[in-house]
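Worksheet: the structure to be examined is printed underneath.
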Amino acid sequence: MLAIGTASGTVELPLVLASAFAVGTMSVFFDSGLQTLLPRAVPDSLLVGVNSRIALSRTFAFTVGPALGGVIIATSGGFPLAFGVQAATFLVSALSILSVRTISSRIATATRPLLPSVVSGVKELLALRPLVVATLAASFANLVFAPLETLLVVYVRDYAPPTFAIPDAFTLLFKDQAAIGLFLGVQGLIGTLLLLASSRLAAKARIGHLFIGGLVLMGAGFGGMLMMGNFFGFIPAGFSLAGVGTVNIAFVTSRQRLSPPEYLGRITAASRTVAYATLPIGTVIGTAIAQRVGVQPVYQVGAVSVIIVGLLLLPTTLGRLSFPRRLAA
């Protein structure tokens with residue numbers, strides 16, 4: 001609709017808002033459905049590797065997507081083709097899901113109204129102690145990560161401009177918005193490469209240690225960026241992005257491995273709701289604090305707090321968690 005509207009010149013703000021709402025809502029359904037489907041499509045022993053590849057492809061898409069969209073808009077003279085290409089990618093995703101073959105049948109459960117289903121999912125989640133700890137830790141990580149990632153644009157603009165000794169032409173080329181785009185792009189590239197390397201080690205690590213390592217890497221990355229205090233902070237910032245991806249790999253895999261198959265969908269919905277509810281809260285609180293005391297203190301507190309929380313998880317049930325094996329039915 002956006003492609004047609006922009007091509008015909010009839011697009012208006014309500015259509016843009018409605019499209020954004022639809023895409024955001026459906027992406028939540030897609031992620032929950034995909035995470036619930038995977039344990040039926042691959043053996044338990046392969047879940048970490050598959051989730052690692054998904055995290056890797058997602059990080060790569062977030063890195064390449066904005067740049068590719070900008071090129072399409074610049075070369076085609078507007079937004080219609082860009083929106084059309086985006087619509088085509090959704091179609092390809094849908095067809096790809098249809099081609100997935102499951103290795104186990106779906107466990108039939110009685111259909112229940114929405115509210116009782118939600119309550120049931122919360123009860124089942126609370127019965128899984130390591131998953132409760134992981135959900136709360138992921139919720140805190142999102143609370144911290146949201147403002148740090150949002151304020152990254154301001155940080156690069158005010159504290160890490162691309163002032164290179166050589167060559168001057170490079171400095172002139174990448175300035176202002178272009179410099180911010182370059183920083184974010186290289187950060188994403190480094191994060192993608194690190195995830196590619198860590199995905200080979202993920203299957204050998206304890207799920208709890210993988211989760212904790214991701215938190216520490218996230219905090220250390222942003223802390224290192226702050227300590228460098230220059231444009232080359234995109235290097236440790238890339239480590240922080242890899243840390244976020246590592247946490248997601250461990251979080252999703254632990255949920256898939258620990259949840260009873262018949263309740264996986266409900267537990268996934270309940271866990272994701274709690275974990276992601278702090279994203280907008282963190283953005284609002286973090287930006288408000290940054291307006292009062294500056295961007296750097298927000299990064300300092302955020303980086304240190306994430307590392308501390310990660311280390312505090314070591315003696316918990318999550319820290320001791322290794323990959324469980326489901327008993328055959």
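Using only Cα atoms, find the angle between the long axis of helix 234-258 and the longest principal axis of the chain, and express it within 0 to 90 degrees, rounded to the nearest 10. With rounding to tens, the tilt is 10 degrees. With kT/(6 pi eta Rh) evaluated at 4 °C and eta = 1.567 mPa s, and Rh the Kirkwood radius from Cα pairs, the stretch 23-90 diffuses with a coefficient of 92 µm²/s according to Stokes-Einstein. Judged by the mean number of other Cβ atoms found within 10 Å, the most tightly packed of the peptides 146-157, 51-62, 83-94 leads the ranking 146-157, 51-62, 83-94.
The 3J(HN,Hα) values that the Karplus relation (6.51, -1.76, 1.60; θ = phi - 60°) gives for the stretch 126-141 are, in residue order, 5, 7, 9, 4, x, 6, 5, 4, 5, 5, 5, 5, 5, 4, 5, 4 Hz. Gly and Pro appear as x. Working from the Cα coordinates of the chain, the gyration tensor eigenvalues give, after taking √(5λ), semi-axes of 34, 27, 19 Å in decreasing order.
Quick one: which of 2-14, 220-232 comes out on top by average Cβ neighbours within 10 Å, and what's the full order, highest first?
Values: 2-14: 13.2, 220-232: 19.2.
Most protected by this proxy first, the peptides run 220-232, 2-14.
For the pair A277 and T10, the difference between a 0.36 nm per residue extended length and the Cα-Cα distance amounts to 92.6 nm.
Quick one: putting +1 on the C-beta of Lys and Arg, -1 on the C-beta of Asp and Glu, what dipole do you get for the chain around its Cα centre, in Debye to the nearest 20?
Taking the Cα centre of the chain as origin, the dipole is about 1300 debye.
Under 1.5 on a/c is rounded, so check that first for the stretch 1-150, then, if it is not, pick prolate when a/b is larger than b/c and oblate when it is not; a ≥ b ≥ c are the square roots of the alpha carbon gyration tensor eigenvalues. Since a/c reaches 1.5 and a/b is larger than b/c, the shape of the stretch 1-150 is classed as prolate.
Phi angles across the stretch 295-310 convert, under the Karplus curve 6.51 cos²θ - 1.76 cosθ + 1.60 with θ = phi - 60°, into 3J(HN,Hα) values of 6, 4, x, 5, 5, 4, 5, x, 5, 5, 5, 5, 5, 4, 4, x Hz, Gly and Pro given as x.
Each helix, a run of at least 4 DSSP H residues, gives -39500 (n - 2.57); summed and divided by the residues of the chain, these come to -26000 deg cm²/dmol at 222 nm.
Projecting the Cα atoms of V304, G181, L196 onto the dipole axis of the chain, where Lys and Arg carry +1 and Asp and Glu carry -1 at the beta carbon, places L196 farthest toward the positive end. Here the stretch 212-329 is assigned +1 on the Cβ of each Lys and Arg and -1 on the Cβ of each Asp and Glu. Its dipole about the Cα centre then comes out at about 360 debye. For trypsin sites (Lys or Arg not before Pro), the sites in the stretch 178-259 that DSSP calls loop and that have at most 14 other Cβ atoms within 10 Å are K204.
Would you please give the FRET efficiency between L312 and S120, computed as 1/(1 + (r/R0)^6) with r the Cβ-Cβ distance and R0 = 35 Å, to the nearest 0.05? Kindly include the intermediate steps, with their values, before the conclusion.
Numbers: r = 30 Å, r/R0 = 0.87.
That gives a FRET efficiency of 0.70.
Test of understanding: ordering Y276, Y299 by Cβ neighbours within 10 Å, fewest first, what list do you get?
Details: Y276 15, Y299 24.
Fewest to most other Cβ atoms nearby, the residues stand as Y276, Y299.
Approximating the spin labels as points 7 Å out from Cα along Cα→Cβ, the L193-to-V92 distance works out to 2.5 nm. Here the translational diffusion coefficient of the stretch 181-329 follows from Stokes-Einstein with Rh set to the Kirkwood radius across Cα pairs; for 37 °C and 0.692 mPa s it amounts to 196 µm²/s.
Where a number appears in this text, it was derived from the coordinates with a stated rule and is not lab data. Since the model is a prediction, treat every value here as computed from it, not as a measurement. Note: ideal-geometry Cβ built from the backbone for every residue, glycine included; neighbour counts use all protein chains shown.
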